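Let me begin by presenting the structure, written as structure tokens, before commenting on it.
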Amino acid sequence: MSTKILIVDDEKDIVSMLCRFFESKGFCVLPASNGAEALKQVEKQPDIILLDINMPGLDGLEVCTRIRNHISSPILFLTARIEDTDKVKGFAVGGDDYIVKPFSLIELEARVHAHLRREARHNFETQIRFSGDLTIDYFERCLFFADKRIGLAKKEFDIVELLSQNPGQVFDKERIYEYIWGYDSEGDSSVVTEHIRRIRTKIAEYTNQIYIETVWGCGYKWIK
């Protein structure tokens, strides 16, 4: 099955050029000329997304924010210029890379293939993790203890995923909140404490073993 690439840009010439190029490389191309069209094309589950930032109406950052909770495909932003503050915003909403216009098609293709390879390795390596008697299935987004499923809400699993994939690393509440909810979300980091309490309560129904440790004055970490 051909790799599906979503190409989003309000400049039709760029979309046409990229469509022809990637079709010649064997990709299944999904074109879009604005944010609304991009959201419709995302329903076709692209494997990778090239997303222009500066579009009228629904811009690339907003599109990325709206789709990132539903799709894990790499998102490469296309932009005519980039400042450090813009990079921070883009990475915060779930972007994976930046391609500055004008760009080389050869370099763009290399970046696309590099992200696809990284995504394939990530999916293979992290689909399942065994942590004592606890099994984390990242593909199905659920936990199992002795073959019994532990149901977690989406944000709860997002926290487990973040901590368990970085065992031993301490994350403070603010960093967890920014990573899971985003920089621009309404609310505050106190919600993290409540979510971790719920996660612990659900796991405690099956075992007394502690998986998420509180590092007083610092934050939380997943015990190796």
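The values are calculated or read from the model by the stated rules, or taken from the named source; none is laboratory data. It should be emphasised that the depicted structure is a prediction, and the values quoted were computed from it without experimental measurement. Cβ coordinates were reconstructed from backbone atoms using ideal geometry, including for glycine residues, and neighbour counts include every protein chain displayed. SASA here: full protein model, heavy atoms, side chains in, ligands and nucleic acids out. Shrake-Rupley method; radii C 1.70, N 1.55, O 1.52, S 1.80 Å.
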Just the number please: accessible area per residue for the chain, 1.4 Å probe, all protein chains included, in Å². 56 Å²
Residues of region 46-86 with amide nitrogen under 16 Å from the 7 Å Cα-to-Cβ point of K155? 69-70
Please give, to one decimal in nm, the separation of the simple spin-label points placed at C142 and W216, each 7 Å out from Cα toward the Cβ. 3.8 nm
With label points set 7 Å from each Cα along the Cα-to-Cβ direction at D172 and T3, the distance between them in nm comes to 3.9 nm
Given a 1.4 Å probe and every protein chain left where it sits, what share in percent of the accessible area of the chain is carbon and sulfur? 50 percent
Here the FRET efficiency for D188 versus C19, based on Cβ atoms and R0 = 35 Å and rounded to 0.05, is 0.20
Using only Cα atoms, find the angle between the long axis of helix 190-204 and the longest principal axis of the chain, and express it within 0 to 90 degrees, rounded to the nearest 10. 60 degrees
Which parts of region 138-160 would a label at K202 reach, counting a residue when its backbone N lies under 12 Å from a point 7 Å out along Cα-to-Cβ? 141-145, 149-160
Here the Kirkwood hydrodynamic radius of region 153-224, Cα-based and in Å, equals 12.3 Å
Under the 7 Å Cα-to-Cβ spin-label approximation, C28 and R66 lie apart by a distance in nanometres of 2.3 nm
log10 of Debye I(q)/I(0), alpha-carbon scatterers only, for region 45-132 at 0.24 Å⁻¹: -1.28
Indicate the gyration tensor shape class of region 15-82 (rounded, prolate or oblate), computed on the Cα atoms with a ≥ b ≥ c the square roots of the eigenvalues: a/c under 1.5 is rounded; otherwise a/b larger than b/c is prolate and the rest oblate. oblate
Kirkwood hydrodynamic radius of the chain from all distinct Cα pairs, in Å? 19.2 Å
Pick from R200, R149, R68 the residue whose mean-square fluctuation is largest in a GNM of the chain, springs joining Cα atoms under 10 Å. R149
If Lys and Arg each add +1 and Asp and Glu each add -1, what is the summed charge of the other residues whose beta carbon sits under 14 Å from the beta carbon of V170? +1
Between D133 and F91, what is the FRET efficiency for a Förster distance of 45 Å, r being their Cβ-Cβ separation, to the nearest 0.05? 0.80
